[in-house]
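Heads up, the thing below is written out as structure tokens.
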């Protein structure tokens, strides 16, 4: 029987970290993720956990400390947002290339400049190809649940990749929702102990970490990372199945909402899914066959499965909460249409960029997207595939 509580997304994540009791947490404060290490530090100070909490001088140092801890054989965690993630840039790639299963909570926020502390996905999209597994969270419950599953996924012998759990800054991180927590003993059993095969403090196997990797080997090592990311898809599914047995909460690569007979649909991520579901319900009452797909697993990207789910639509919109500034839509749009094309599923698809810098995205905005999709479904024609919603004219 779960524990019913009312927590913000940041509190829920910190609570989950307490239950996991990692060996090392290294962090530097940045809005809106600051509360996660702040809440967790109280568990350290009152002796609830025996984690080594490292208050570092920058986000670059936070990730460096996590890399050092994991390389030494410890389970390490951190949290950051936006410019903090940008400051980690060098170490983000090093963490994945060294195959260190660090878990990071990324509370999504606009990356400067100009300075903006509110939510969009520009920070996550900036590191989407860095070799980290990326799970997105619609609400506080999902952020907590993703965290509980994270170590089982990242530390699997066929994966060994770092993993970031994304949630929308302020929208979920600071908003209080009803949540069902798992009992401490069940979490400990589910997550298990971290027993790395190779680590620096193993005196029976002296190893080097971070050697020079020139033309002779780097290509092969990058291929091994790519294979590990492909393996992660299977492991994420297996861990989600075990999680469902424990909690009754089911998670897939993505959530299909009223897609059984849908003719038009929106693909989105994180908290926008909640607003979109409300619009879908309203449209269904009016006889419009609308649906929605919410991406949970962004890396590895579920290209084949997504193409199968979307292939019978008459029109599709992909919503990006960041602009790739490439003149050809957002990052999620590119991944979706690439997967559809490869699977030979040809559906008229529109890119919508929205919510930049925390701009409110209302049900009226989402209705505007579906209204245009209804027109496309009738004619099959798209006058402009690269569009914006919620932008002041």
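The values are calculated or read from the model by the stated rules, or taken from the named source; none is laboratory data. Small disclaimer: the values here were computed from a predicted structure and weren't measured. Cβ atoms come from the backbone with ideal geometry, glycine included; neighbour counts cover every protein chain shown.
Would you mind stating whether residue 107 is surrounded by 22 or more Cβ atoms within 10 Å (Cβ to Cβ) and closer than 24 Å to residue 242 by Cα? Steps first, please.
Numbers: surrounded by 22 or more Cβ atoms within 10 Å (Cβ to Cβ): yes; closer than 24 Å to residue 242 by Cα: no.
No; evaluated as a whole, the condition is false for this residue.
Residue by residue through the stretch 318-330, note down the ones that are in contact with a helix residue (DSSP H, G or I) (Cβ under 7 Å, 6 or more places away or on another chain) and either surrounded by fewer than 22 Cβ atoms within 10 Å (Cβ to Cβ) or over 26 Å from residue 107 (Cβ atoms) (or both).
Within the stretch 318-330, 323, 324 qualify.
Among 290, 309, 343, 303, which is closer than 26 Å to residue 251 by Cα, in contact (Cβ under 8 Å) with a residue 40 or more places away in the chain and crowded, with 23+ Cβ neighbours inside 10 Å?
That would be 290, the only listed residue that is closer than 26 Å to residue 251 by Cα, in contact (Cβ under 8 Å) with a residue 40 or more places away in the chain and crowded, with 23+ Cβ neighbours inside 10 Å.
Determine which member of the set 14, 76, 82, 95 is buried (at least 23 other Cβ atoms within 10 Å of the Cβ), touching a strand residue (DSSP E or B) at 6+ places or on another chain (Cβ under 7 Å) and either within 25 Å of residue 209 (Cα to Cα) or in the same structural domain as residue 243 (by TED's automatic domain parsing) (or both).
76
Based on this model, can you work out whether residue 371 counts as more than 18 Å from residue 293 (Cβ to Cβ) and not assigned by TED's automatic domain parsing to the domain that holds residue 32?
Working: more than 18 Å from residue 293 (Cβ to Cβ): yes; not assigned by TED's automatic domain parsing to the domain that holds residue 32: yes.
Yes; evaluated as a whole, the condition is true for this residue.
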